[in-house]
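The values are calculated or read from the model by the stated rules, or taken from the named source; none is laboratory data. Nothing here was measured: the structure is a model prediction, and the numbers come from that model. All Cβ positions, glycine included, derive from the backbone under ideal geometry; neighbour counts span all protein chains shown.
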Amino acid sequence: MTASNKWDHFTARVGYKRMYHRVEPGLYGVGSPKSDSPVFVSANYTLSFDSLRTSLNGIDCYILVLDTKGINVWCAAGKGTFGTDEIVRRVEATGLKDVVSHRTLILPQLGAPGVSAHEVKKRSGFKVEYGPVRAKDIPEYMRMGEANEEMRTVRFPLRDRAILIPVEIKNWLWLLALLPILLFLVGGWFPALLALMTVLGGIAMFPLLLPFLPTDDFTSKGMVLGLTLAVPFSFYAIYTGAEVLIGLASGVAIALLMVPGVAYIALNFTGCSTYASRTGVRREIFTYIPLMVGMAVTGTVLMSISIVASYMGWA
């Protein structure tokens with residue numbers, strides 16, 4: 001790993017030029033590979049490729065890099081670019097049959113959703129084997145000749161969740177910066193803080209607290225977090241309201257705005273986590289988007305009424 005590689009990883013993690021972190025597709029050698037050396041398959045996203053190659057220290061082997069358009073293995077498998085057709089195409093393009101004497105490809109387990117193993121065998125002559133989830137387990141996998149339950153278990157630990165935050169901050173930076181400033185100029189510190197807490201709750205607190213939030217899907221977890229964050233703001237609005245009804249309307253409106261705000265950002269994390277599935281995400285979208293829109297519209301109407309009522313001095 002060179003300083004250039006590490007800088008590339010840093011810029012990828014903060015979302016800078018996201019689609020430019022690529023390795024040229026093709027066949028690469030690690031160490032001093034021979035005709036009987038194993039062949040590992042990877043995506044052409046630099047983080048995926050570097051994670052694999054740095055885990056192969058002391059192993060003479062080949063890496064067959066697919067053209068996944070700069071997307072990591074799991075996401076590319078879902079999109080179909082880490083898939084059967086690309087594997088067959090790349091085997092033929094590199095002349096792999098003439099390079100190795102065996103007919104086995106070792107794929108990352110998270111690439112399985114995009115690959116039909118029997119089709120690869122039928123069309124290329126190469127058998128597909130699935131290695132462990134994590135590249136760091138490959139040396140032990142090669143020593144044992146198989147993956148045990150620990151190697152097969154997909155995890156999403158705190159470090160993996162926290163590492164998503166910088167790129168999410170970059171993606172939502174315009175909202176994180178502009179909305180609080182705009183609301184501060186219009187209404188002072190309270191609406192500005194409310195907006196800041198909503199955005200930070202979604203992009204930072206949600207991934208950190210993900211396993212500890214109740215319910216099963218991302219959006220409802222986000223709603224729980226949004227409601228928790230809204231409670232002190234709602235009580236403050238009710239307590240400081242000029243009139244009881246105005247304060248109550250403001251408090252309810254705050255909850256109705258913060259809950260879908262946090263939940264919508266939380267829904268975006270389905271694309272970052274192996275917890276999610278395509279069918280599950282589709283179900284979440286059709287289930288919760290109408291509800292979130294309804295909550296946001298109702299909250300906006302209530303907030304508008306409370307502001308006008310307060311300004312007009314209505315009881």
Next item on the list: Would you mind finding the one in 276, 296, 266 that is touching a Lys or Arg at 6+ places or on another chain (Cβ under 7 Å) and closer than 28 Å to residue 170 by Cβ?
Entry: 266
Next item on the list: Please work out which one of (1) of a type in the set (S, T, N, Q); (2) in contact with a Leu (Cβ under 7 Å, 6 or more places away or on another chain); (3) closer than 17 Å to residue 129 by Cα is the condition residue 94 fails and give its number.
Entry: (3)
Checklist line | Residue among 71, 106 that is β-branched (Val, Ile, Thr) and modelled with pLDDT of 95 or more | finding: 106
Next item on the list: Scan (1) closer than 30 Å to residue 99 by Cα; (2) surrounded by 13 or more Cβ atoms within 10 Å (Cβ to Cβ) for the single condition residue 201 breaks and write down its number.
Entry: (1)
Next item on the list: Report those helices (runs of 4 or more DSSP H) wholly inside the range 178-272 carrying at least 3 residues which are free of Cβ contacts under 8 Å to residues at least 24 places away in the same chain, of a type outside the set (S, T, N, Q) and more than 23 Å from residue 162 (Cβ to Cβ).
Entry: 189-200, 218-240, 244-268
Next item on the list: Search the range 1-42 for residues being under 24 Å from the mean Cα position of the chain (by Cα) and of a type in the set (Val, Ile, Thr), and hand back the single one that is surrounded by the fewest Cβ atoms within 10 Å (Cβ to Cβ).
Entry: 14
Item checked: Answer from 248, 227, 267, 302 - the residue that is surrounded by 15 or more Cβ atoms within 10 Å (Cβ to Cβ), modelled with pLDDT under 95 and within 30 Å of residue 155 (Cβ to Cβ) -> 267
Notebook entry, point to check: Just checking, how many residues over the range 97-120 are in contact with a strand residue (DSSP E or B) (Cβ under 8 Å, 6 or more places away or on another chain), among the small types (Gly, Ala, Ser) and touching a residue at least 24 places away in the same chain (Cβ under 8 Å)?
Noted result: 2
Notebook entry, point to check: Right, residue 148: exposed (fewer than 13 other Cβ atoms within 10 Å of the Cβ), polar (S, T, N, Q) and within 30 Å of residue 54 (Cβ to Cβ) or not?
Noted result: yes
Margin query: Going through 86, 146 one at a time, which residue ends up being in a helix (DSSP H, G or I) and acidic (Asp, Glu)?
Written below: 86
